[in-house]
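Structure record follows, encoded as structure tokens.
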Amino acid sequence: MLKAAIFDIDGTLIDAVDFDAEAWQRAFHHFGYIDIQFDEVRSQIGKGGDQLLPVFLSKEEIERIGKQLEEYRSDLFRREYLHRIRPFPKVRELFMRLKKDGYQLALASSSNEQDLEEYKNIANIADLLEAQTSSDDAEKSKPAPDIFEAALQNLGKLKPEEAVVIGDTPYDAQGASKSGIREIIGVLCGGFAEADLRQGGCREIFRDPADLLEHYERSPFAQTRKAA
């Protein structure tokens, strides 16, 4: 029986993907990589820096400037973009419905712990969570399974078959699948195409959190309760 819902947050619960991508692009440009385009970076959002940087930089470049580039991006993002982020509609209402049905709730994000703390307050869900994991809790970020494995441990050592993952990127689905989780819901509000989410491993697709709440009865959460 399903016991927990594990949510990504950036692009799933809050509208931050474009800001995140723009901050990364500006950081690359600051360090001289002016040919890297916004759409190229945006397609990689959902990964942590450890997985994103190798897409654009060589191993030698990462060793030379990777840490400085990530720090520059983080400072830029917090200074110029963080205050502009808003939650998607009905996020808190969805979480309250899940809590009413007895589900444990957790966040599993490729963001660092500092940003995650800000994000959960923006989404107005901090008081509804049982657990949270960030890139700081994992050796590798998404699409590696580490963050989801940590989330399961933080939820009382749940089995993978007892959890549902909700995310907006193929990297969420890939990471969840590698951790053994099979119930994966994709949302389109982060900008990835439905075909990409299904190819990544999402079984169900909804437009956004409000759509998931509106059609809750056809979600794995309601279907599991009916089966029980």
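A compact table of results
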quantity	calculated
Karplus (6.51, -1.76, 1.60) ³J(HN,Hα), θ = phi - 60°, over the stretch 57-71, in Hz, Gly and Pro reported as x	10, 6, 4, 5, 5, 5, 5, 7, 10, x, 5, 5, 5, 5, 5
Glu117 versus Lys99: modelled label distance in nm, points set 7 Å from Cα along the beta carbon direction	2.1
Point-charge dipole on Cβ atoms (K/R +1, D/E -1) for the chain, about Cα centre, debye to 20	780
Violating pairs (Cα-Cα greater than 25 angstrom) within the set Lys99/Lys159; Lys120/Lys157; Lys100/Lys178; Lys120/Lys142; Lys99/Lys120	Lys100/Lys178
Separation between Cα centres of the stretch 126-205 and the stretch 1-78, rounded to whole Å	18
Reach of Lys67 by Cα under 17 Å, taken over lysines that are not fewer than 8 positions away in the same chain	Lys47, Lys59, Lys140
Residue exposure sequence - Ser141, Ser179 - by fewest surrounding Cβ within 10 Å	Ser179, Ser141
Length-normalised contact order of the chain in % [C-alpha pairs under 8 Å, at least 6 apart]	25
Antiparallel DSSP beta bridges within the chain, as percent of all bridges there, nearest 5	5
Gyration tensor (alpha-carbon) shape descriptor, the stretch 76-157, a/c threshold 1.5	oblate
³J(HN,Hα) computed for each position of the stretch 4-14 - Karplus, 6.51 cos²θ - 1.76 cosθ + 1.60, integer Hz, glycine/proline x	8, 10, 10, 9, 5, 10, 6, x, 9, 10, 10
Other-chain or far-sequence residues with amide H under 5 Å of Phe7's (modelled H)	Ala106, Leu107, Ala108, Ile166
Ranking of Asp101, Asp208 by count of other Cβ atoms within 10 Å, fewest first	Asp101, Asp208
Residue order, fewest to most surrounding Cβ atoms within 10 angstrom, among Tyr103, Tyr119, Tyr33	Tyr33, Tyr103, Tyr119
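Readers should treat all values here as calculations from the given coordinates under stated rules, not as data from a laboratory. Just so we're clear, the structure is a prediction, and the values are computed from it rather than from any experiment. All Cβ positions, even for glycine, are placed from backbone atoms using ideal geometry, and neighbour counts span all protein chains on display.
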